[in-house]
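Below: the structure, in structure tokens.
The values are calculated or read from the model by the stated rules, or taken from the named source; none is laboratory data. Remember, predicted model here, so these are calculated numbers, not experimental data. With ideal geometry, Cβ positions are generated from the backbone for all residues, glycine too; neighbour counts draw on all protein chains shown. Calculation scope for accessible area: heavy atoms of the full protein, side chains included, ligands and nucleic acids excluded. Shrake-Rupley method; radii C 1.70, N 1.55, O 1.52, S 1.80 Å.
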Amino acid sequence: MQSIKSVDIFGIRFPILDYELTLQLFQEWIASGQAHQVCIANVHTTVACLTDYELRDISNRALSTMDGLPLVWYAKLVHQAQIKTRVCGPDLMLKCLDQGQQLGWRHFFLGGKDEVLEDLVANIRKRYPEAELVGWHSPPFRPLSAEEDQQLVDLINAAKPDFLWVGLGAPKQEKWIAEHLDRVHAPVQLGVGAAFDFHSGHIKRAPLWMQKSGLEWCYRMAKDRRLIKRYFSTNPVFLLRFAWDFLQIRVLKRSAAAS
């Protein structure tokens, strides 16, 4: 794979990716058999990395993708990055399931309630009948004992998945993957947040026009009032930092160069 250019957003290194390139990377990782982590980053997790240094370190050691359109806008306006599209967790999951039908990719799902996982698996089997679903597990919400944790690792490894899809919510899912990366043998390990709820049919996703215009967060907030605090604590920070970085990097440096 050729060298991939990247941009820095709030101290996180984001490669310039599209879905095709991301899938090519996954195919290489699966061929190598080595475990890799993917962080699907949105505005909330990117801003959280300003104060959560553990999450920022994890994000920089992993392959971080721009899930939220505002991150794509930042990359384009501040860094003038040539970027085609975001790489969104729920959409990436479907593309991997689809392409994996021909390539024999094996999938394991970790997280969510039992009923969510049951409906998720049923829906995927209807939509992608040739997809190899080799396991799923709903862990308790409490911390696991050392013995329970090892049993979970053994359960995943025995299924020999190529993809471990983790839906524990951010940043718990990212930290869980990072903590277990040297013990869980799946080549591609991703935290995909609400993708389980979307694809199981338990939560309706925003209309396509809202997804394409960067307003998906508004729809989610309207449907789940618990997200109000999250969005109103991080979105203003992102906008202020976005404006400041644009002013510093694009406007002031351009003025200084012209003079």
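Structural remarks
- Subset of the range 166-189 [under 23 Å from D52 (Cα atoms) and not in a loop (DSSP other than H, G, I, E, B)]: V166, G167, K172, Q173, E174, K175, W176, I177, A178, E179, H180, Q189
- Of the helices (runs of 4 or more DSSP H) contained entirely in the range 20-103, those carrying at least 2 residues that are hydroxyl-bearing (S, T, Y) fall at 43-48, 53-61.
- Selection of first residues in the range 128-156 that are assigned to a loop (DSSP other than H, G, I, E, B) and of second residues that are surrounded by 13 or more Cβ atoms within 10 Å (Cβ to Cβ) and among the small types (G, A, S), restricted to Cβ pairs under 9 Å at least 6 apart or on distinct chains, gives the following pairs, ordered by first then second residue: Y128/G100; E130/G100; A131/G100; S138/G111; S138/G112; P139/G111.
- Each residue in the range 40-68 was checked for being surrounded by fewer than 19 Cβ atoms within 10 Å (Cβ to Cβ), touching a residue at least 24 places away in the same chain (Cβ under 8 Å) and acidic (D, E), and 2 of them qualify.
- Residue in the range 69-77 that is without any contact (Cβ under 8 Å) to a residue 24 or more places away in the chain, open to solvent by 40 Å² or more (accessible area, probe 1.4 Å) and of a type outside the set (S, T, Y) present: yes
- Inter-residue pairs, beta-carbon under 8 Å, first free of Cβ contacts under 8 Å to residues at least 60 places away in the same chain and in the range 100-113, second open to solvent by 30 Å² or more (accessible area, probe 1.4 Å) and among the β-branched types (V, I, T), 6+ apart: R106/V134; H107/V134
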